[in-house]
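Shown next, in structure tokens, is the structure this report addresses.
What follows is calculated from the coordinates using simple rules that are stated; it is not laboratory data. These figures come from a predicted structure and were not determined experimentally. So basically every Cβ, Gly included, is an ideal-geometry build from the backbone, and we count neighbours across all protein chains shown.
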Amino acid sequence: MRTLKIGLFLLLAMLLAGCASSGQVNALDKVQYAYSAAIRWGDFEGAWLLVDPKYREAHPMSEIEFERYKQVQISAYRDLGAQTTPDGLAMREIEIGVINRHTLAERSTRYTERWRYDPEAKTWWLTVGLPDFWNGQ
């Protein structure tokens, strides 16, 4: 009888852990969808709000940098693959189609999103900042 109780307890613990993890996965899906929608529609200031507050504090964006994003239009946002790491990070490889509004030249660039879960805020944060369409130039 005691073995049965221990087995049921372990099963219940695993189910509860699965529910918590499932909730985090759903939250990750929602925040990634919101982020990709913001990027696709050119709402880079909205996308910036999904970046980790620690990153935003360490790497503040100036008004000029936000204005630079207005020079491009996003033509594609493709998820090429995703994975999670043992330390609880989620990574997603993205291909983004970018059109220069002045020259109408289109190109594509790859970008790796890295997400971390914040248990205090109960949300996922992007830890790498916005995509750099200018290769640091």
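Restricting the search to the stretch 76-125, which residues are touching a residue at least 24 places away in the same chain (Cβ under 8 Å) and hydroxyl-bearing (Ser, Thr, Tyr)?
Matches in the stretch 76-125: TYR77, SER108, THR109, TYR117, THR123.
Among the numbered criteria (1) surrounded by 15 or more Cβ atoms within 10 Å (Cβ to Cβ); (2) of a type in the set (Asp, Glu); (3) in a loop (DSSP other than H, G, I, E, B), which single criterion is violated by GLU113?
Only one criterion is unmet by GLU113, namely (3).
Return the total of residues in the stretch 43-67 being hydrophobic (A, V, I, L, M, F, W, C), touching a residue at least 40 places away in the same chain (Cβ under 8 Å), assigned to a loop (DSSP other than H, G, I, E, B) and closer than 17 Å to ASP118 by Cα.
Residues in the stretch 43-67 being hydrophobic (A, V, I, L, M, F, W, C), touching a residue at least 40 places away in the same chain (Cβ under 8 Å), assigned to a loop (DSSP other than H, G, I, E, B) and closer than 17 Å to ASP118 by Cα: 1 in total.
Assess whether SER62 counts as being surrounded by 13 or more Cβ atoms within 10 Å (Cβ to Cβ) and at negative phi.
When the stated conditions are applied, SER62 does not pass them.
Among the residues of the stretch 93-113, which ones are among the hydrophobic types (A, V, I, L, M, F, W, C) and more than 20 Å from GLY129 (Cβ to Cβ)?
The answer is ILE99, LEU104, ALA105.
Looking only at residues in the stretch 92-103 that are within 19 Å of TRP41 (Cβ to Cβ) and not small (Gly, Ala, Ser), which one is nearest to the chain's Cα centre (by Cα)?
So the residue we want is ARG92.
Which one of these is over 23 Å from GLY23 (Cβ atoms) and within 13 Å of the chain's Cα centre (by Cα): THR112, THR123?
Every option except THR112 fails the conditions.
Name the residues in the stretch 77-92 that are surrounded by fewer than 11 Cβ atoms within 10 Å (Cβ to Cβ) and assigned to a loop (DSSP other than H, G, I, E, B), would you?
Within the stretch 77-92, THR85, PRO86, ASP87 meet the criteria.
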